[in-house]
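Below: one structure, written as structure tokens.
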Amino acid sequence: MRNRIMRAARLLLCAAAAHVPVSAAAAGWDISKASSNFELVTLSDAELSGRSIGVIHMGNVELTSGRIVAADPLAQPDRPALARTVAPGEYPVTLYQAFGRIAAAGLRFAEGKPDHWELAVLPGQDVATLKDGEIFGYPVDAGLGCYMDAETLGLIGEREAQVQAQKPDADINYYDDVLASDLDVNKGSYALHRPVAGEKGNVAVFWSGWGDGVYPVFWGLDKDGRALVLLTDFSVVENADGRKEPKLQ
């Protein structure tokens, strides 16, 4: 595993007692120190190619309730949904690739260039409690990240039960017994996984940069505070540029 993922691992996963999230701007916390890659969602595919960043349009994730889970789907599929919600619907997922890895993952809700950005938080987390260099983010222990609706967790459990019924004497591993075949189609780097055939609710699964660590998620908002895009930054590139690999900091 590359040493450079330690840059992400050094960012702290924090817990706060407050119940109402506040914006980074209101708290005085500098969001630009958490990510320099917000421009990824504003550039065209051709412009990104000129910066040595590949774009993968992997399809739509189905949000049946609008409560979004961003997590390692194997290590923490039951992670709470983000505090901010969106209207139920189907939304496109875009992956940004550099140095042979998934550098970032975007989930687009509406067209337009974000007016400002906020750190995505869980209920009870408060950006005002963060110190310089700290973040809220999700921990990765299986080398994967995902976007899915909170209701889809039930479908994952249903699929696991189906596989267990087929192999009653075996210890079921969701990756080996279910997910691996979907990921193998794209050389293990991403998959739009449907836990139960015929049931609405799928999971956008993708490599988490160089591997394990703690990764922040950000809301790109318009001037009225409406969510345009969600972005997970896996600390592979800086300044939305894949022409030069960042150095360890």
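The values are calculated or read from the model by the stated rules, or taken from the named source; none is laboratory data. A quick note: this is a predicted structure, and the numbers were derived from the prediction, not measured. Note that we place each Cβ from the backbone using ideal geometry, even for glycine, and neighbour counts take in every protein chain shown.
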Study note, to complete from the structure: Pairing a residue in region 54-67 that is within 11 Å of residue 147 (Cβ to Cβ) with any residue that is buried (at least 18 other Cβ atoms within 10 Å of the Cβ) and among the aromatic types (Phe, Trp, Tyr), where Cβ atoms lie under 8 Å and the two sit 6 or more apart in sequence or on different chains, gives 58/190; 58/206; 60/91; 61/91; 61/147; 63/91
Revision key, fill the gap. Note on residue 26: of the conditions (1) modelled with pLDDT of 95 or more; (2) within 21 Å of residue 222 (Cβ to Cβ); (3) of a type in the set (A, V, I, L, M, F, W, C), unmet is (1)
Check your understanding: Which condition number does residue 235 fail, the rest of (1) surrounded by 13 or more Cβ atoms within 10 Å (Cβ to Cβ); (2) at negative phi being met?
Key -> (2)
Study note, to complete from the structure: Going through (1) crowded, with 22+ Cβ neighbours inside 10 Å; (2) touching a helix residue (DSSP H, G or I) at 6+ places or on another chain (Cβ under 9 Å) one by one, residue 204 fails only at (2)
Point to revise | residue 187 being under 23 Å from residue 37 (Cβ atoms) and modelled with pLDDT under 95 | key: no
